[in-house]
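> Sharing a structure here in structure tokens format.
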Amino acid sequence: MTVLSPAEMLVVTIGVHAAEAEAAARALHESGLVEIRDIHDGPGENAPALTPGERAWYTTASIDYRLKIDRILAAISESVPERKPSLRDLFVPRSTEPTLVPALPFPEITADLDRLIGEGGQAIALQQELAGLRERTAELEADLQAAGRLRTLGVHPEHLGTAAYVTVLAGTVPADAAESVRDAIAALATDEVLLLSHETDETAVFAIATVNGRLPAVEEALAGTAWEPIAAPGLAGTPEEVIRRLEAERAEVRERSQQTVGEIAAIRDALGDLLQAYREEAEMLREEGEVFSLTGSTQEIVVIEGFVRASDRARLEALVEEASGGTSFCRFSPPDPARTPVPVAYQNPAWAQPFEMLTSLFAVPRYGGIDPTVIIAPIIVLYFGFMLGDAGYGLVLVLGAYLGYHLLSRSSRSVRDLTLILLACGVSGIVFGLLQGGFFGDLLPRFFGMELPFTVIDPLAEPVTILVVALAIGVVQINAGLLLGLRQNVAANRTRQGIFEQCSWFILQPAAAVLALGFFGWATLPPAAEIIAVIGAVTGIGMVFVAYGPLGAFRLTNFLGDWLSYTRILALDLATLGIALTINILTGMIAAISPWLVPVAVAFAVVAHTLNLLLQALGGMIHSLRLQYVEFFGKFYTGGGRAFAPFAAVRRHSLRSGGEKRW
């Protein structure tokens with residue numbers, strides 16, 4: 001296997017004495033070296049002689065512990081607001097060190113789990129109390145609002161409701177609907193209904209007293225208005241007395257709520273890291289228990305099968321030997337892709353590893369095929385910088401990627417890789433911007449009379465030169481793809497296919513170039529050269545039709561289209577600079593109207609350049625990827641692989657300490 005191929009994989013069979021099986025599973029989990037497969041699912045030769053394994057007895061208990069800790073953490077998060085990030089956090093993110101947990105078997109770690117859940121469980125009771133206090137606060141606020149509205153009418157809360165002969169109603173409507181209530185009551189044409197009201201700019205408050213016999217008519221009249229009844233059950237006394245009592249109780253409830261939040265916050269500060277760590281440990285124990293359902297066993301031995309990188313063979317043997325106390329064996333054999341799918345693990349150098357996500361975004365390489373990551377990584381960065389072509393935009397992109405890396409990279413590897421890709425692309429944008437004289441378009445010469453050093457070419461003044469460079473790049477990359485396709489065919493003993501599918505283009509391209517030079521008058525060539533070129537062109541075209549039959553005609557036009565597709569490099573380069581130039585022209589026009597409009601011009605420039613950066617960065621990335629996925633990959637790449645999924649402990653909050661406890 002080479003750097004252009006996925007890592008070589010081996011099938012590994014691990015046998016461990018049953019007494020040491022759990023220790024071996026923990027070691028495999030922490031190492032992440034092996035993808036464990038179901039020993040009874042597939043053509044494995046060991047399966048018939050083995051008893052199917054079952055998940056470990058502690059698996060369910062681990063789930064129960066995790067759920068209990070989840071309840072505690074949920075109670076804390078619902079009660080105590082998260083700390084808001086400060087401006088300092090953008091530049092110096094807070095470090096979060098993992099909490100050490102003891103590397104103990106499940107029966108020995110349960111004491112720690114029980115104690116932690118016992119102490120942290122107080123947060124659940126406090127959260128329930130806090131929920132009741134918050135509910136009571138809402139009730140008090142509603143009662144205070146009702147009492148305040150009744151005070152404007154001089155109505156006591158206990159007078160509301162139905163007595164032996166009279167019913168008193170109170171309610172509100174929007175101020176612009178007050179007349180509709182008066183009209184509805186007046187339409188009853190009776191002196192057995194009394195109406196009181198008080199209006200503000202937004203709300204009108206009404207009290208209606210009526211004999212009980214008239215109550216249905218009053219309710220029917222109010223039904224056609226925007227009436228919202230006022231309810232004050234259980235309140236007695238004058239409105240002023242009621243308000244004083246309610247405000248006093250509200251103050252007490254708020255004080256107790258603050259105390260409760262403080263108590264929950266104290267639990268969070270004291271146990272929050274431990275709760276997160278032990279929750280994670282419980283999840284790790286569950287995963288380690290579940291894996292035994294994929295194994296097989298005899299009376300004395302547990303057998304595990306899976307895939308491992310060939311480069312990790314010695315490390316795996318030493319790991320299992322140590323974890324099992326010498327009561328184990330490891331047997332390795334090459335995989336047979338024809339019998340079982342072989343997982344694909346990348347083996348790229350560190351600088352190319354962030355770009356593996358872009359290869360996988362198209363398709364995971366097939367095992368034994370070509371992994372193009374080390375090729376496309378620098379090419380994507382190169383194309384992006386060429387298309388962006390502005391040092392100012394590149395600088396902003398670098399700063400954004402740097403902040404994103406420090407703020408978000410710990411959330412997932414994908415986010416970290418994406419920020420590193422953007423960082424590299426931003427640096428490329430700066431380099432090409434310096435070479436092309438772009439810094440937010442022509443901002444420096446237009447407004448400050450300065451020229452960028454190192455300027456080599458102005459794309460707006462010499463677009464043909466950029467076009468020639470773009471097409472030359474296309475020729476190089478397309479032929480690199482053809483060479484990789486030829487290599488792949490020869491390695492698979494498909495030499496004839498390689499000759500007609502790839503070598504035909506190596507004959508046709510130079511012949512077509514010679515004929516084009518003579519046809520357009522770009523060069524004077526001897527007749528012999530033209531004759532050889534015609535023979536080469538006919539031969540190449542014939543080979544294409546032999547390879548693809550009648551579809552060869554489409555192959556010829558597709559090849560030409562693939563090559564011309566590289567003109568998009570020029571198009572995006574000119575678009576970035578042209579729009580930036582337009583923004584600067586409009587900015588100057590706005591500022592020239594009046595000195596008072598200079599801040600408006602600056603604001604316009606900032607917003608417009610930001611939008612242009614987002615548009616061109618998105619376009620640059622999409623078109624850089626398109627040139628890889630369509631024009632380049634189409635010449636050789638065979639995807640369809642399955643990513644290597646090792647049995648690995650993914651930790652963010654915890655770290656097994658080898659027995660040391662941190663409480």
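The values are calculated or read from the model by the stated rules, or taken from the named source; none is laboratory data. Here the structure is a predicted model, which means the values were calculated and not measured. Cβ atoms come from the backbone with ideal geometry, glycine included; neighbour counts cover every protein chain shown. Heavy atoms of the whole protein, side chains included, go into the accessibility calculation; ligands, DNA and RNA do not. Shrake-Rupley method; radii C 1.70, N 1.55, O 1.52, S 1.80 Å.
> Please arrange Ser594, Ser311 by accessible surface area, largest first, computed with a 1.4 Å probe and ligands excluded.
Highest to lowest solvent-accessible surface, that is Ser311, Ser594.
> While we're here: Hey, of (i) 25.0, 81; (ii) 30.1, 101; (iii) 38.0, 123, which did the structure itself give for Rg and Dmax of the Cα atoms in Å when calculated?
Of the labelled values, this structure produces (iii).
> How large is ³J(HN,Hα) for each residue in the stretch 141-158, as worked out from phi by the Karplus curve 6.51 cos²θ - 1.76 cosθ + 1.60 (θ = phi - 60°), to whole Hz, x for Gly and Pro?
4, 5, 5, 5, 5, 5, 5, x, 6, 5, 4, 5, 9, x, 9, 7, x, 6
> With the other protein chains left in place, how much accessible area per residue, in square angstrom, belongs to the stretch 500-572 at a 1.4 angstrom probe?
56
> If you count only protein heavy atoms with a 1.4 Å probe, what accessible area per residue comes out for the stretch 229-290, rounded to a whole Å²?
Ligands and nucleic acids excluded, the figure is 48 Å² per residue.
> Rank Ala643, Thr576, Asn479 by how far each Cα sits towards the positive end of the charge dipole of the chain (+1 on Lys, Arg Cβ; -1 on Asp, Glu Cβ) and give me just the farthest.
Value: Asn479.
> Would you please name the chymotrypsin sites (Phe, Trp or Tyr not before Pro) within the stretch 525-608 that are DSSP coil residues with at most 10 other C-beta atoms within 10 Å of their C-beta?
none
> Give me the angle, in degrees from 0 to 90, between the Cα long axis of helix 59-79 and the longest principal axis of the Cα atoms of the chain, rounded to the nearest 10.
60
> Another question, then. Let me have the relative contact order for the stretch 317-385, percent, based on Cα pairs under 8 Å that are six or more residues apart.
Reported as a whole number, the value is 24 percent.
> Follow-up. Given the rule -39500 (n - 2.57) for each run of at least 4 DSSP H residues, summed and divided by the residues of the chain, what is its mean residue ellipticity at 222 nm, to the nearest 500 deg cm²/dmol?
When only DSSP H runs of four or more count, the value is -18500 deg cm²/dmol.
> Of Leu28, Val3, Ala74, which is farthest along the charge dipole of the stretch 3-81 in the positive direction, counting Lys and Arg as +1 and Asp and Glu as -1 at C-beta?
So the residue we want is Ala74.
> If you plug each phi of the stretch 621-627 into the Karplus form 6.51 cos²θ - 1.76 cosθ + 1.60 with θ = phi - 60°, what whole-Hz ³J(HN,Hα) values come out, in order, with x for Gly and Pro?
These are the phi-based 3J(HN,Hα) values: 5, 4, 6, 5, 5, 4, 5 Hz.
> Calculate one ³J(HN,Hα) per residue across the stretch 649-656 by plugging θ = phi - 60° into the Karplus curve 6.51 cos²θ - 1.76 cosθ + 1.60, and present them in order as whole Hz with x for glycine and proline.
7, 9, 10, 10, 10, 10, 8, 5
> Here's something else I'd like to know. For the chain, with all protein chains present and a 1.4 Å probe, just round the carbon and sulfur fraction of the accessible area to a whole percent.
Answer for the chain is 62 percent, counting heavy atoms of protein chains only.
> With axes computed from alpha carbons, what is the tilt in degrees of helix 463-491 against the longest principal axis of the chain, rounded to the nearest 10 within 0 to 90?
80
> What per residue convex hull volume, in Å³, comes out for the stretch 465-617 when only alpha-carbon positions are used?
It comes to 149 Å³ per residue, whole-number rounded.
> With point charges of +1 on the Cβ of Lys and Arg and -1 on the Cβ of Asp and Glu, referenced to the Cα centre of the chain, which listed residue (Ile243, Tyr548, Trp522) lies farthest in the positive direction of the dipole?
Ranked along the dipole, the leading option is Trp522.
> How large is the direction-averaged shadow of the alpha-carbon convex hull of the stretch 532-663, in nm²?
20.3
> Right, something else. Specify the longest stretch of the chain that does not include any exposed loop site, a site being one of the GluC sites (Glu not before Pro) with a non-H, G, I, E, B DSSP assignment and at most 11 other Cβ atoms within 10 Å.
Answer from the scan: 452-659.
> What is the helix-to-structure angle for 568-593, meaning the angle in degrees between its Cα long axis and the longest Cα principal axis of the chain, kept from 0 to 90 and rounded to the nearest 10?
50
> Give me the one-decimal Kirkwood hydrodynamic radius in Å for the stretch 13-77, with the sum taken over alpha-carbon pairs.
14.8
> Let me ask something additional. At 1.4 Å probe size, what's the solvent-accessible area of His609? Round to the nearest 10 Å².
Roll a 1.4 Å probe over it and His609 shows about 20 Å².
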